[in-house]
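Nothing in this text is a laboratory measurement; each read-out follows from the coordinates by a stated rule. What you are looking at is a predicted structure, and each value in this text was computed from that prediction instead of being measured. With ideal geometry, Cβ positions are generated from the backbone for all residues, glycine too; neighbour counts draw on all protein chains shown.
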Amino acid sequence: MAERVLVTGGSGVVGSAAIRSLVASGREVVAMQRGALPSELADLGVTEARGDIANAAAVAQAMQGIDAVVHAAARVEIIGPWSEFEAVNVTATRTVLDAAEGAGVHRFVFISSPSVAHVGEPIVGGAAEPADPPGARGHYSRSKAMAELEALSRDRDGFAVTAIRPHLVWGVGDTQLTARIVARARAGRLVTIGSGAALIDTTYIDNAGDAIACAVARTTVEGVHGQPLVVSNGEPRTVVEMLTRIAEAAGAPGPRRSVPFAVARAGGRVVEEYWERSGRAGEPPVTSFLAEQLATAHWFDQRQTRRLLDWTPRVGLDEGFERLAASYAPLG
Amino acid sequence: MTAPALVPPPDLPGLDPAWSRLVDVPGRGTFHVLERPATGSPQLTVLAVHGNPTWSYLWRRLLAHAPGTWRVIAVDHLGMGYSERVPGVRRLDDRIDDLDALTDALQVSGPVVTVAHDWGGPISLGWALRHRADLRGVVLTNTAVHQPPGAPAPTLIRLARMRPVLRALTERTPGFVRGTTFLSRGMPADVIAAYRAPYRDPRSRRAIGDFVADIPLNPGHPSAAVLDAIADEVCTLTDVPVFLAWGSDDPVFSDRYLRDLVTRMPHADVHRYEKARHLVTEDAPACIPDIVEWISHLAEPARSAPASAVPLDSMDARLVERAGDTSVAIADLRSGLRVSWSVLAARTSEIATGLREMGIAPGDRVAMLVPPGPDLVAAVYATWRIGAVVVVADSGLGVRGMRRALRSAEPRHVIGIPAGLGLARTLGLPGRRILVGRTGPATRILAADATLSEVARVGRGTAAMDIAFPGPDDDALVVFTSGATGPAKGVVYTHRRLWALRDALRDAYGIRNTGDNPDALVAAFAPWAVLGPALGISSAIPDMEITDASSLTADTTAAAAAAVGGTLMWTSPTALRAIVSTADHLTGSGRGDLENLRLVLAAGAPVPPELLDQAARLMPRAEFATPYGMTEALPLTEVRIDELRTARGSGVLVGRALPGVDVGIAPLGPDAVPAVDLVTTPDVTGEIVVRTPWMRERYDRRWATQRRADSPAGWHRTGDVGHLDAEGRLWVEGRLAHVLVTPDGPVTPVAAELAAQRCADTSLAALVGIGRPGVQVPVIVLLAPGPSLGLADVDLTQRVRAAVREATGLEVAAVLTMRALPVDVRHRSKIDRTRIAREASAFLAGEGDDG
């Protein structure tokens, strides 16, 4: 009988990529999210368990007969009150962990982010450092850092827990990073911060899904359980090249201007405060976290991840850009 | 004024608290020592002794690096470090007695190697001389046993010894402790703090003042007799291996103290660490590992095979043969001087006799600060004739490099033009100063003892002396590496090796000095004119700026060829380009003179094919060849230009080994460390290792460099990486130090650079690695106008990436541009990729909190 995997946040960018890879590898997938599952996922034969992960009873219900969990549901906005990040990313994660343990699930893959350990210094071929809630920048990173520590602390015999940190996921179907870059480029508002020379590595969306599917298979392997693993394409590029090529794939111009780093970061701080105080909805143009992310090198040593997960990225950057361009190409 | 012994605080950087122990020696006091015991019974014991005002912390890396089979003990003298503050003044003999009693208490038994720094030197030597039966070796770092006569004591010591200053500087204030930790090139703050930790208050510093007061600066001093006895007795340590590991820039124990120690122990191995100051173990990270390596090598059997016998020869043999020949031996088109064989032979012989008369002895080093020309040639052959050693610090090193080179080689005498003697004077070079040029006011200002002409006159007026010829294994020449990546290294050639070099050139290039069509050399790379007389061929130096090959023209080259009937030309790509670009002005007869050239050697850097085509039109009869080699061994291989045109492969084709040259490859491991064993398997990339009778004898006063280079024994590790192809031809892929280590393994730079250069249409590109070895990503840096360092645009980046991928399979992360790439002064072609990597890394790290 096929292994049954519960994926939370199934309609999200990473969650849906994970579902596609899990189905492709022969798993039976149960997807849990508040809204309806996108039809292309439903068409794959995925079972829907609609519900809120904050609802313990609903989660316990969805956990029945499940072998492994991929917990991808999270609040990913770049701004908002701490209480909302805490409720979704910390408290609800605890709920999902409790339910999984209670239901006798043996493997648990927590979807995290490299930003949980990014405290502002350049990361140059770095390893997956332990999550650092006090050092992490911004509510999102801090709440994910707390949740990751909580999840990994549950790792024990019979309940293997790992944390997968996909780094800057982009690609066809990405409504977060990719869509934002393209929207700004089309509006002529795409800028680089500082020289744009910081090297970053990124993850094509399908590769993130594959890595998660491999992690589900290998959660119990020594070095995987109890540990965070950063996942990326392992192809660092400058920020300006990534922005330019994503924008150009969508037929929009790349960044034309540059904002000095100090200005962007200071501006970001002011904006964050204003947004929070005013309770303004929508997305601010910049935050200090974003400024740092776009001005500081962060790329990772992928040797251990690839060995431990027995995984290599299937879609290289060049192919990723081609796929993106094809998806934006005018039909007909 | 007393205080008990203590253990150091547990958090000093690099210090393992488990090493600390307190040893009570009845009747003397309690010592704090660092001890790293051996596992099992020790193979040997290392006894490390600090100086003033440091403490055993100085040796923490020695304890950390030493093999487990050694017992390593580093002591704190009584009153110093964390040892007991005992009452009374301890003099040198007390301190030797202390050490003696301590090693008894620690039950130290042989074999023992002593290691010491600063005033720990005399104490450790005092101990060593009392324990000769157990003594296996002696290591000394920046120390002294004797104040060289006529020379002032170190300034810092003299200052500290002035009576009102002494206690104030050494005890009441932390001035002396601070001063000493500042005698380093810049230690981290926490290490400086660790050095100062035991000397925080005046009471804890009393022994520091006593130590300074105990330095015998005059014969009546209570410790003078003890120190003199040690200084005399170390001369008897002829059967004990000695290693002198020396910081070159120590304002306290400067090179003259090294010279004094070498005079007393001529068999000592020396390694002089460039730019390291007094605390050499801190300033030169290699120092402690090298000391460990030196001690380890004592257990090995001797490596050097006895040298084979060769028939006695002399560099001036051809010159002497032609002593009756009135044809031109050397034509200097710069001065217009033409000197015949008979005049050159006579003048060389006169100068040789004159130099002997002036007291220049066989083995003395003589620096030649003279541009190529008849004077240099005569001075060099005269110096060789009397068995003295020629030191050539050429202007290609740059002024700073020349100064460092001369200081490191320590010539005893100088022959120089006014600027050269001026340099010798500012460097305080000792011995005779001989001026090349006319006497005049300058003679006195430059403190010249004589002009070269006066030396010749002295020689002429002296009854013919029977001057002994130097032996084959006597030193003949010290030259310097170009120092493209770090300080220039002195390279020593013996006479035997120079004879072999002369014969190799003759055989490799079919050089004939007799018969109907004797060869003659156009030295467009001027230093090679010096080898003309050894080969017995005439040579001509074109009218050019010696240090600027681009000042050459087709006209001046043709004139030089005409002056001697030139058939050979030694040149460089830059010189060749200059000749080609001025060919339009050439007259008919000038064309004829260039057409007589039968062989053109271009050395220093690869020659672009289009330049060769143009040169070939100008010199249609000439065969073009580029010899591959380096300061330590040249020439090694040769490639005929026709092969270069069609050559496609990873790297630069340098051709086949010349007869008499062995080439091996030391394959690179996954971490880019070359293997010990050599292979000749095709297409295996590794360090290029060579062996030939005309390679260097050794590096000068760089024991550790020599040891690493001499592997296997009798071979030379070139520091270049490359491979042999199926036809046995050698390809150079870059410098070992510049190899990237990516997650997929080592990557050599040249193939990617050539692809990038072609794609971006630039003359220079560098491939560097960003990140730690093992996870490095490749980045291309192009020479291009624009900012000093900037990003290439996304379009060019993608084109260069595709070109590099196509040529090498390598995926370049980013493409940068630089307005000027750092290159060496001598060739203007060797890229300092290490420096570029440093700058590119900072640039690509972005602007985070550290940026």
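Give, in nm to one decimal, the length gained when the segment between B:LEU427 and B:SER788 is fully stretched (0.36 nm per residue of separation minus the Cα-Cα distance). Numbers along the way, then the final one.
Working: separation 361, 0.36 × 361 = 129.96 nm, distance 3.50 nm.
Stretched out fully, the B:LEU427 to B:SER788 stretch lengthens by 126.5 nm.
Return a whole-number percent for the relative contact order of chain B, with Cα pairs under 8 Å and 6 or more residues apart as the contact set. Mind showing how you got there, number by number?
Numbers: 1841 pairs, mean separation 59.7, N = 851.
Relative contact order here is 7 percent.
Once you reduce the range A:199-263 and the range B:12-65 to the center of their Cα atoms, the two points are 51 Å from each other.
Taking the empirical scaling 2.2 N^0.38 Å for compact globular proteins as reference, the protein assembly as shown has a Cα radius of gyration ratio of 1.12.
Near B:VAL661, within a Cβ-to-Cβ distance under 11 Å, what is the net charge of the other residues, with Lys and Arg +1 and Asp and Glu -1? Intermediate results must be reported in sequence, preceding the final value.
Details: positive: B:ARG656, B:ARG691; negative: B:GLU638, B:ASP662.
Residues close to B:VAL661 contribute a combined charge of 0.
Debye-formula intensities of chain B, expressed as log10 I(q)/I(0) at q = 0.07, 0.08, 0.09, 0.10 Å⁻¹, are -0.63, -0.82, -1.01, -1.19 (one equal scatterer per alpha-carbon, no solvent). Between the listed residues A:VAL59, B:LEU15, A:VAL182, the Cα displaced farthest toward the positive end of the dipole of the protein assembly as shown, a dipole computed from Cβ unit charges relative to the Cα centre, is found at B:LEU15. For the range B:702-783, GluC sites (Glu not before Pro) meeting the loop criterion (DSSP other than H, G, I, E, B) and having at most 14 other Cβ atoms within 10 Å: B:GLU727.
Placing dummy labels 7 Å off each Cα toward the beta-carbon, the span from A:ALA326 to B:GLU610 is 4.1 nm.
Considering all C-alpha pairs of the range B:443-586, those separated by over 23 Å amount to 57%. For the range B:509-621, treating each Cα as an identical point scatterer without solvent, what Debye log10 I(q)/I(0) comes out at q = 0.12, 0.19, 0.22, 0.23 1/Å? Results for the range B:509-621 at q = 0.12, 0.19, 0.22, 0.23 Å⁻¹ read -0.35, -0.92, -1.25, -1.36.
In debye, nearest 20, what is the charge dipole magnitude of the protein assembly as shown about its Cα centre with +1 on Lys and Arg Cβ and -1 on Asp and Glu Cβ, if you could check? Could the numbers behind the result be given before it?
Numbers: 121 positive and 131 negative charges, 533 e Å.
With only Lys, Arg, Asp and Glu charged at Cβ, the dipole is about 2560 debye.
Near B:SER581, once Lys and Arg are set to +1 and Asp and Glu to -1 for all other residues with Cβ below 15 Å from its Cβ, the sum equals -3.
Are there trypsin sites (Lys or Arg not before Pro) in the range B:645-703 that DSSP marks as loop and that have at most 16 other Cβ atoms within 10 Å, and which are they? Before the final figure, lay out each step's value.
Details: sites: B:ARG645, B:ARG648, B:ARG656, B:ARG691, B:ARG696, B:ARG698, B:ARG701, B:ARG702; in loops: B:ARG648, B:ARG696, B:ARG701.
Here the trypsin sites (Lys or Arg not before Pro) that fit, given the DSSP loop and packing criteria, are B:ARG648.
Where both bridge residues fall in the protein assembly as shown, DSSP classifies roughly 40% of the beta bridges as antiparallel.
As a check on your grasp of the helix formula, calculate [θ] at 222 nm for the protein assembly as shown: sum -39500 (n - 2.57) over DSSP H runs of n ≥ 4, divide by the residue count, round to the nearest 500. The partial results should precede the final answer.
Values: 43 runs with 412 residues, N = 1183.
It comes out at -10000 deg cm²/dmol, rounded to the nearest 500.
As a calculated quantity, the FRET efficiency between B:ASP725 and A:THR175 at R0 = 56 Å, using C-beta atoms, amounts to about 0.55.
You can think of it this way: the chain between B:THR2 and B:THR173 has 59.7 nm of extra reach, that is 0.36 nm per residue less the Cα-Cα gap. Compute the separation of the alpha-carbon centres of the range A:1-27 and the range B:728-779 and state it in Å as a whole number. The distance from the Cα centre of the range A:1-27 to that of the range B:728-779 comes to 42 Å.
Farthest toward the positive end of the dipole of chain B, out of B:GLY629, B:LEU217, B:ALA378, is the Cα of B:LEU217, where the dipole comes from beta carbon charges about the Cα centre. Once you reduce the range B:251-330 and the range B:639-706 to the center of their Cα atoms, the two points are 24 Å from each other.
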